[in-house]
1. Would you confirm, using the coordinates I've provided, whether I273 is of a type outside the set (K, R), closer than 26 Å to I129 by Cβ and without any contact (Cβ under 8 Å) to a residue 60 or more places away in the chain?
2. Among (1) at pLDDT below 95; (2) touching a Gly at 6+ places or on another chain (Cβ under 7 Å); (3) hydroxyl-bearing (S, T, Y), which single condition is T233 missing?
3. Go over the candidates A153, A165, A141 one by one and state the one that is within 11 Å of the ligand (Cβ to nearest atom) and surrounded by 17 or more Cβ atoms within 10 Å (Cβ to Cβ).
4. Only one residue in V196, V230, V223 is buried (at least 21 other Cβ atoms within 10 Å of the Cβ) and over 21 Å from S134 (Cβ atoms). Which one?
5. Could you list, in sequence order, the residues of region 253-298 that are open to solvent by 40 Å² or more (accessible area, probe 1.4 Å), modelled with pLDDT of 95 or more and in a loop (DSSP other than H, G, I, E, B)?
Amino acid sequence: MAAKDAVLRIGALAGRTGVSPELLRAWERRYRLLRPVRSAGGFRLYSQGDELRVLRMKELIRDGVGAAQAARIAAGTSQDPLPLSSSALDAAARRFDKALRSYKERVIHAEIDALIASLGLERALEVAIFPALSRIGEGWARGEITVAQEHVAANAIRARLLAEASGWERGPGPRALLACAPGERHELGLIAFGAVLHRRGWRIAYLGQDTPIEDVEVAAQAVEPALVVVFATDSRLLDKVRRKVKRAAASLPLAVAGPGATAAFAHQVGARILTDGPVRAALEIAADRRQPGDAARR
Ligand code: B12
């Protein structure tokens, strides 16, 4: 966190976190949990990042994690994700649901940090983040969750996924070109797929929501991908561009994914279909790396 973001004196940090100044100093000294900067007058000033680490540490200790390990997890330095028991996972899911409904991105980010620290990115996505999104969708469909709540939640998760994917176009590995079908705006699974693939050495060219198939083809000429993925939630979106997808699949290693991609459609256009969730699908493709050029072959 940049020095300009550090604005809290220790008393204020104690007030906001409910942790005494003495204990905060101990955590700073023993575990380097806090990273204060000095004000012109020589006072230690703490940032929002410090506050989040303290809140996370407090929570872990409350859940029974030892202080040293809690500090490593809270500081994001743990090499070793902590396996959660099913009751701890339920509790984490309840906290995450509450955070997602809070309208507060900061709160959502803190919970995502906690989930990733405890489970690692891939498990956190599969067992906590995606299921919570489904619950948000169900709540929205029942009128219990406002559109605004859903937007804040989806935007915070999107931002975090993109942060995890930072630098994904770089590296020596094969390239994947990822796009949502024309009219498709659901992209979180596709971003997660790219992030996981990148962690396994792939380079990602991400075209994002609502991309014309012609533009996917033009981008492919520039990128020379080993795999092109077109994602759709609704089969009607793919049906509308069936001929274009067929033409693209004739010259590109193309796969279709998402609930809108049926086996019949894939067969008709000569594309591969990715039937798993984004994390599993990415792991499988990455495991196929010995022949990355064949990644999209049936
Ligand atoms: C966030 C969200 C949005 C956001 C998306 C923001 C963004 N930047 O992505 C916004 C607000 C834009 C949105 C809009 C709409 N949404 Co919406 N949305 C959701 C929500 C809550 C989460 C979607 C998500 O990202 N989930 C995470 C993914 C990973 O999980 P998943 O969707 O279950 O995906 C599974 C598979 O599809 C697959 N998968 C997903 N992505 C990928 C990628 C790859 C590569 C692979 C291999 C697999 C894969 O893996 C998952 C299973 O493990 C869902 C609820 C839900 N069920 O999840 C509704 C949901 C998908 N939306 C829905 C609807 C109806 C809409 C709207 C039509 C609402 C409206 N009236 O405007 C519009 C349509 C917009 C459009 N044209 O695409 C419905 C879809 C119903 C249907 N079957 O068609 C859902 C299910 C909500 C509901 N319960 O009714 N939505």
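The values are calculated or read from the model by the stated rules, or taken from the named source; none is laboratory data. Keep in mind that this is a model prediction, so the values were computed, not measured. When we count neighbours, we look across all protein chains shown, and the Cβ atoms used for this are built from the backbone with ideal geometry, even at glycine. Heavy atoms of the whole protein, side chains included, go into the accessibility calculation; ligands, DNA and RNA do not. Shrake-Rupley method; radii C 1.70, N 1.55, O 1.52, S 1.80 Å.
1. Numbers: of a type outside the set (K, R): yes; closer than 26 Å to I129 by Cβ: yes; without any contact (Cβ under 8 Å) to a residue 60 or more places away in the chain: yes.
For I273, the condition - of a type outside the set (K, R), closer than 26 Å to I129 by Cβ and without any contact (Cβ under 8 Å) to a residue 60 or more places away in the chain - is met.
2. Unmet for T233, out of (1) at pLDDT below 95; (2) touching a Gly at 6+ places or on another chain (Cβ under 7 Å); (3) hydroxyl-bearing (S, T, Y): (1).
3. After applying the criteria, what remains is A153.
4. Details: V196 fails: over 21 Å from S134 (Cβ atoms); V223 fails: buried (at least 21 other Cβ atoms within 10 Å of the Cβ).
Result of the check over V196, V230, V223: V230.
5. Matches in region 253-298: P259, T262, G270.
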